[in-house]
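All remarks here apply to the structure that follows.
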Amino acid sequence: MRIGVPKETKTLEGRVALVPAAAGDLVNRGHEVWLERGAGLKSGFADEAYTRLGVRIAPDAAALYEKGELIVKVKEPIAGDLQHLRKDHLLFCYLHLAAEPELTRRLLDIGLTGVAFETVELESGDLPLLAPMSIIAGKIAAQVGTTLLHQPNGGKGKLLGGLPSTGRGKAVVFGAGMAGGASAALLAAGGANVVVFEKRQDRMAQMMALGANVTALYPYDDLVAREVAAADLVIGAVLIPGARAPHVLTREMLKGMEDGSVVADISIDQGGCFETSRPTTWADPTYVEEGVAHFCVTNMPGSVPQTSSQAICAAILPWVSKLASGEWRGNQALERGINVEDGRLVHPALQDMAL
């Protein structure tokens, strides 16, 4: 099969879906792999690193999409990509359609088959292609949130970890999955007092095991409001596979926080889990509501493209190989990943989507 890897076009997005070694493996398995010129540069991979392994270079996006049958990219297609997509394309990437009705309409009009990384689901319920980027996003949300508390960045001027003679700062994390767990672990290691809200007992136990400065609690409304009001940093990492994220932090709760506090919404790709969240880009990553800085970048892992590309490629390569074989129908994990096909919404979480 002809596999096309286009250059990512989202604002300041530096990832590439296939690193050279992975593309070379696919060539060795008999596939024809095409890379758009320069697609790997921001991740540290020159075109020559691909061509020496048998990958072919397309001069621009139009040529890349013309050659490709299976299109493998990282982020959802935007305007520049959509003009090149065809009905016969098999698209494999993050889609996050629950928060993107216009994109959904465009893909339905094109009629292609779109398999989303975030909805490829194992029998256990695990989401193997979401996990690596969730971990990275969790770490970035903690890192950026911490620096936004610095006074020169408009924050309240608080060091979360504290030191002898000062109190520790407080962080609240919603969700203890891959993203929330990564945020909590990094914040706890830095010395902050961390409260994690989670409904699953096994995940609560994992959070408590991070250290004596981590508390795991069930998200009762009154308790959430009290803990948020005392927090310096709040991170949202709530996920319903394929569906729009539920709001766990209301504007009224936000009003209870001190001016100069920070919230970071990792769930923004799925619409955001804070009432006051709206998508931002790395070109303009933050805004202030009710005196609180909001960090809601929709492609957080794109800021560390070398690490992110290596991580996502290692996760997706076996699935790319299955799709490229042409014999993937019947693979339940991949079939659960289908979001759109032949002009129809396929994934159950999208069935009631207003278009």
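The values are calculated or read from the model by the stated rules, or taken from the named source; none is laboratory data. Everything quoted here is computed from the prediction, not taken from an experiment. So basically every Cβ, Gly included, is an ideal-geometry build from the backbone, and we count neighbours across all protein chains shown.
Within segment 91-102, the set of residues being without any contact (Cβ under 8 Å) to a residue 60 or more places away in the chain and over 13 Å from L350 (Cα atoms) comprises L91, E102.
Of the residues G138, G167, G154, G175, the single one that is surrounded by fewer than 18 Cβ atoms within 10 Å (Cβ to Cβ), touching a residue at least 40 places away in the same chain (Cβ under 8 Å) and not assigned by TED's automatic domain parsing to the domain that holds L317 is G154. Hey, which of the helices (runs of 4 or more DSSP H) in segment 98-212, taking only ones fully inside, have at least 1 residues that are under 18 Å from M257 (Cα atoms)? Helices (runs of 4 or more DSSP H) meeting the threshold: 131-148. The residues of segment 231-272 that are assigned to a loop (DSSP other than H, G, I, E, B) and in contact with an Asp or Glu (Cβ under 6 Å, 6 or more places away or on another chain), listed by number, are H247, T250, S261, G272.
One residue stands out among those in segment 149-208 that are closer than 19 Å to V228 by Cα and among the β-branched types (V, I, T): the one that is nearest to the chain's Cα centre (by Cα), which is V173. Scan segment 331-351 for residues that are surrounded by fewer than 14 Cβ atoms within 10 Å (Cβ to Cβ), at pLDDT 95 or above and assigned to a loop (DSSP other than H, G, I, E, B) and the total you get is 2. Against the test of being surrounded by 22 or more Cβ atoms within 10 Å (Cβ to Cβ), modelled with pLDDT of 95 or more and not assigned by TED's automatic domain parsing to the domain that holds V292, the options V120, V195 yield a single qualifying residue, V120.
Candidates are the residues of segment 1-45 that are among the basic types (K, R) and at pLDDT 95 or above; the one that is surrounded by the fewest Cβ atoms within 10 Å (Cβ to Cβ) is R29. Condition first: more than 25 Å from R278 (Cβ to Cβ), touching a residue at least 40 places away in the same chain (Cβ under 8 Å) and either part of a helix (DSSP H, G or I) or acidic (D, E) (or both). Can you find one or more residues in segment 69-88 that meet it? Taking every residue of segment 69-88 in turn, at least one turns out to be more than 25 Å from R278 (Cβ to Cβ), touching a residue at least 40 places away in the same chain (Cβ under 8 Å) and either part of a helix (DSSP H, G or I) or acidic (D, E) (or both). Among the residues of segment 283-296, some residue qualifies, meaning at least one is in a loop (DSSP other than H, G, I, E, B), assigned by TED's automatic domain parsing to the domain that holds G175, surrounded by fewer than 23 Cβ atoms within 10 Å (Cβ to Cβ) and touching a strand residue (DSSP E or B) at 6+ places or on another chain (Cβ under 6 Å).
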